[in-house]
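Only the coordinates and a few stated rules stand behind these numbers; no lab work does. What you see is a predicted model; the values in this text were computed from it and never measured. No Cβ is skipped: glycine too gets one built from the backbone with ideal geometry, and neighbour counts run over all protein chains shown.
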Amino acid sequence: KSVQAVGYGHHYLVNVTPPVEHAPELIPDPLSSFPIPAAGACQFTDTKITGGPHTLNPGVYCGGLTVENGAIVTLKPGLYNLKGGSFVVDGATVKGEGVTVSLADSDAVIEWTEANLQLSAPKSGAYAGLAIIGSRDPASHTIEASTIDVHGVIYLLRGDFTWTNTGTPAVSALWTAWIVDGISWL
């Protein structure tokens with residue numbers, strides 16, 4: 001129902017609905033004591049999905065996860081831990097209910113271009129409410145011409161985003177909370 005930014009007077013934001021408001025105070029990290037999941041041993045390596053429908057299982061994805069060229073990937077409920085590579089969605093769809101995506105290190109960044117993301121966080125368990133979480137290391141993420149329909153928290157505390165979009169994509173998520181270092185909307 002609102003978009004607020006700390007340091008609002010130092011940023012120029014357009015095409016944001018409702019218009020950005022000044023956040024009255026800096027809110028301390030609400031998840032500062034929450035442990036980011038350890039990645040563990042690799043179960044999948046350099047996973048690349050191209051075209052058509054696919055279903056993926058939770059686990060540790062080393063070297064990243066790439067979904068491209070019209071692929072429609074359904075994530076089964078659970079924790080998807082990416083380490084040592086990006087979460088790339090390029091001209092494709094990734095959807096899942098009861099899903100948490102964890103970016104385990106600074107090499108695990110979001111690179112979404114012409115992507116359609118439809119994710120909802122688990123409703124119970126250790127990651128209840130958390131759709132995307134990441135290490136507390138600095139990281140730069142990019143989103144371009146994509147629909148981000150995420151019902152849950154996106155927690156990338158030291159992550160900054162460059163987000164380029166036009167139009168108003170249709171989303172069904174009741175709410176999304178972004179806990180990030182900053183977003184540059186272009």
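Per q in 0.12, 0.27 1/Å, what log10 I(q)/I(0) does a Debye calculation on the alpha-carbon atoms of the stretch 101-160 return? Debye intensities relative to I(0), on a log10 scale: -0.29, -1.17.
For W178 and A126, calculate 0.36 nm times their separation in residues minus their Cα-Cα distance, and state this gained length in nm to one decimal. Write down the numbers at each step before the final one.
Values: separation 52, 0.36 × 52 = 18.72 nm, distance 1.89 nm.
Between W178 and A126, full extension yields 16.8 nm more.
The longest stretch of the chain left intact once loop-based chymotrypsin sites (Phe, Trp or Tyr not before Pro) with at most 11 other Cβ atoms within 10 Å are removed from consideration, loops following DSSP, is 13-174.
Sorted into 10 angstrom bins from 0, the C-alpha pair distances of the stretch 34-99 split as 23, 54, 21, 2 percent.
Selection among G52, A108, G85 by position relative to the dipole of the chain gives G52 as farthest towards the positive end (Cβ unit charges, Cα centre).
For an R0 of 30 angstrom, estimate the FRET efficiency from the Cβ-Cβ distance between K76 and L26 and round to the nearest 0.05.
After rounding, the FRET efficiency stands at 0.20.
Residues within the reach of a label modelled at W185 (point 7 angstrom out along Cα to beta-carbon, backbone nitrogen below 12 Å), restricted to the stretch 148-164, are 163-164.
Given charges of +1 on the Cβ of Lys and Arg and -1 on the Cβ of Asp and Glu, with all other atoms neutral, how large is the dipole of the chain about its Cα centre, in debye to the nearest 20?
Values: 8 positive and 16 negative charges, 100 e Å.
My answer is approximately 480 debye.
Along the stretch 82-95 the Karplus relation, 6.51 cos²θ - 1.76 cosθ + 1.60 evaluated at θ = phi - 60°, assigns HN-Hα couplings of 9, 9, x, x, 7, 9, 9, 10, 10, x, 8, 10, 10, 9 Hz to successive residues, with x for each Gly and Pro. Plugging the Kirkwood radius over Cα pairs into Stokes-Einstein for the stretch 45-186, at a temperature of 10 °C and a viscosity of 1.306 mPa s, what D comes out in µm²/s? Once the numbers are plugged in, D ends up at 108 µm²/s. Taking D46, D107, D90 as the candidate residues, the one with maximal mean-square fluctuation in a Gaussian network model of the chain, Cα springs under 10 Å, is D46. Calculated from the alpha-carbon coordinates, the stretch 64-107 shows an Rg and a Dmax of 10.6, 28 Å respectively. Each distinct pair of alpha carbons in the stretch 56-130 adds a 1/r term; the inverse of their mean, the Kirkwood radius, is 12.3 Å.
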